[in-house]
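Report on the following structure.
The values are calculated or read from the model by the stated rules, or taken from the named source; none is laboratory data. Treat the numbers as computed from the prediction; the structure is a model and nothing was measured. Cβ atoms come from the backbone with ideal geometry, glycine included; neighbour counts cover every protein chain shown.
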Amino acid sequence: MMAARRLAITLGDPRGIGPEVARAALLALAGEAGLPEFLLVGPEGVLPDSRFPLYETGTWRAGGDAVAAGQHAGRAVETAVQLVRDGEVQGLVTAPLDKSALHAAGYDYPGHTEMLAALAGGVDVAMMMSAETTSLGGPLRVVLATTHHALRDVPRLFDENVLVTQTQITYLALQQQWAIARPRIALCAFNPHASDQGLFGDEEARIYVPAMQRLNTLDMPALGPLPADTVFTRALRGEFDAVIAPYHDVGMAAFKTASFGQGVNVTLGLPFVRTSPDHGTAFDIAGRGVADASSMIAAIRLAARLVERTEATR
């Protein structure tokens, strides 16, 4: 008999809203049919009660500094990944951590996505922002081909191999976890107006054209390059199942405009399911009881769906 499915929910930075939105989400979801069991992972001392199971990774002392917060947040992620490896949980939902605190604690990763990829053995991953419902229609799924990097570094990091790899990971995930038999993927252009026949850059001809030829050979066709000022609207109208954005802000600005509060960060390519809310630590409102748990609720629901589909295909 198969053991009950269970999700680990890391509490993130203890100074932020992660613990309170995790707790609020579980209270809101209590009794909802079809959800797995939950196990919170993080330090003792950040939740006001013990009504939910907590896998303790230490003790948080109120007023702790950034180094201590980063240590607790990083340790929770490491522990949750180990719980997956041990078969104790089948997927992760991660509350927000603070990247500068993570660095101060000695974790040399740009963010959650890169840390999880390293903990999983250095696998290739893709960062997808997913909203199954949006303010303008939907769904909208946006993959960031390059993630947390300074804009000046993007031209050096974004190339044909990156575009092909990110599209492959997305295509397979949409097939296997979203059950879309032939995913329709759009490639968002790098330059304004998709360079207008080379007037505004050569990335479209130099990177996108050969990448699309390789994807066609792999039987994973993608349409593009399509200008950023129209491709997201077309996706919202149902033309595409996902859009590959070349860099962080061109994708995130469009995504959050259409779906803030309902968006979910999904790491594709990992050997386990991982989702996260689409917001940060929100230190300015932490502890005031006003944080909106909507995105955390969406992240938990989506993780539960993806775990169920992953288990069903094994």
| message | S276 - would you say it is in a helix (DSSP H, G or I), within 16 Å of the chain's Cα centre (by Cα) and under 26 Å from L136 (Cα atoms)? | response | no
| query | Which residue pairs have Cβ atoms closer than 6 Å, lie 6 or more positions apart in sequence or on different chains, and pair a first residue in the stretch 224-250 that is touching a residue at least 60 places away in the same chain (Cβ under 8 Å) with a second residue that is β-branched (V, I, T) and in a helix (DSSP H, G or I)? | reply | A242/T170; V243/V231; I244/T167; Y247/V154
| query | Which ranges mark the strands (runs of 3 or more DSSP E) fully within the stretch 91-188 that have 3 or more residues being within 16 Å of the chain's Cα centre (by Cα)? | reply | 91-94, 126-131, 140-144
| Can you name the number of the only condition in (1) at pLDDT below 95; (2) not assigned by TED's automatic domain parsing to the domain that holds F190 that L83 fails? | (1)
| task | Name the one entry in D202, D241, D229 that is over 27 Å from L136 (Cα atoms) and charged (D, E, K, R). | result | D202
| Flag if A73 is in a helix (DSSP H, G or I) and over 20 Å from the mean Cα position of the chain (by Cα) | no
| said: It is to be established whether one or more residues within the stretch 52-60 are surrounded by 13 or more Cβ atoms within 10 Å (Cβ to Cβ), of a type outside the set (A, V, I, L, M, F, W, C) and part of a helix (DSSP H, G or I). | reply: no
| Among the residues of the stretch 96-120, which ones are free of Cβ contacts under 8 Å to residues at least 40 places away in the same chain and farther than 17 Å from K256 by Cβ? | S100, L102, H103, A104, A105, G106, Y107, D108, Y109, P110, E114, A118
